[in-house]
Structure formats: structure tokens, C-alpha cells
Amino acid sequence: CSSIGSLTVPESVTSIGPLAFSGLTSLSELEFRASTVRVHISEEPFTDSGVQTGMSLKVVGDVPDRMFSGVPAPRISEVEFVDTISIGDHAFDGVHQIVELSLNGTNVWVGSPCLALVYVRWIRWMTFSCPRGSSPVVCH
């Protein structure tokens, strides 16, 4: 399975097993549409996935809690959000490679901590609403 270069997780998927896509080190493109999936601590499905330079991720719909977290975290270099209203708690914990983040929407609720995407260098078309009075995204 480590040779898979492109993957689409359709909206019809309602369950993903623990570490299901872990170790897909050739993955360069991921389209994720399964916004109702539940992920538990230590069961992050994309742990240690993505090419060394980072994969391109397209999310259609919402991002479930912990979906793109893990130890080691998935290697993601760019993210495009389409029709996204919510980014779940700890959705991108540990992801440090994102250089481009694009959101086609007007307002997005971002889970706690707000926001795990602290390392993003470029954000466009984005407004965030953060929970519990926390501060908005900080770009470095």
C-alpha cells in the first residue's frame, strides 16, 4: 500500500479504522469528503502519510476532530477547503509543513485549540470564528 500516490475518501464513508492509511509515504494527493467520520485519540487514520515534500489535501465539507493529526503527523504542504463550515478539535495537530491554505467560504468554526495550523505561511480567502474567546489564527 505504500505506493499509493492519490486517494479519494468519498462522502459515503462513515467509518475509518485506526491508522487505516498510516504509512502511505507515496501519497501526494488526497481528496477527503467523509465529514461524518469519528476519530479517536491514537487512531488517527493518516499518521505518517504523505510524500516527504508534503501532500496536497482537498477537503470537501467539514473536517472531523483529529482527522489529520498523528505521531508522526501526516506530511501536508497545501490544503484547499471547499464548502467547509467547521474544522474539528485537534484536526491538524502536529502538521508543520503547510505552506498554502485556501478556504472557499466566508466563516469557519475552528475547534480547540484554535488553531492547530499555527505554522501556515500563507492563508487566503479566510475568516475564522474561534471558540471560548480564543484568538484568531496567527500566521508565521
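The values are calculated or read from the model by the stated rules, or taken from the named source; none is laboratory data. Keep in mind it's a predicted model, so treat the numbers as computed, not measured. With ideal geometry, Cβ positions are generated from the backbone for all residues, glycine too; neighbour counts draw on all protein chains shown.
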Practice item. Sort out which residues of region 28-69 are touching a Leu at 6+ places or on another chain (Cβ under 8 Å) and modelled with pLDDT under 90, and write them in order of number. Key: E43
Practice item. Give L27, L103 a once-over and let me know the one that is crowded, with 20+ Cβ neighbours inside 10 Å, on the phi < 0 side of the Ramachandran plot, more than 12 Å from the chain's Cα centre (by Cα) and not in a loop (DSSP other than H, G, I, E, B). Key: L103
Study note, to complete from the structure: Per the filter on region 11-24, residues hydroxyl-bearing (S, T, Y) and either exposed (fewer than 13 other Cβ atoms within 10 Å of the Cβ) or at pLDDT 95 or above (or both) are S12, T14, S15
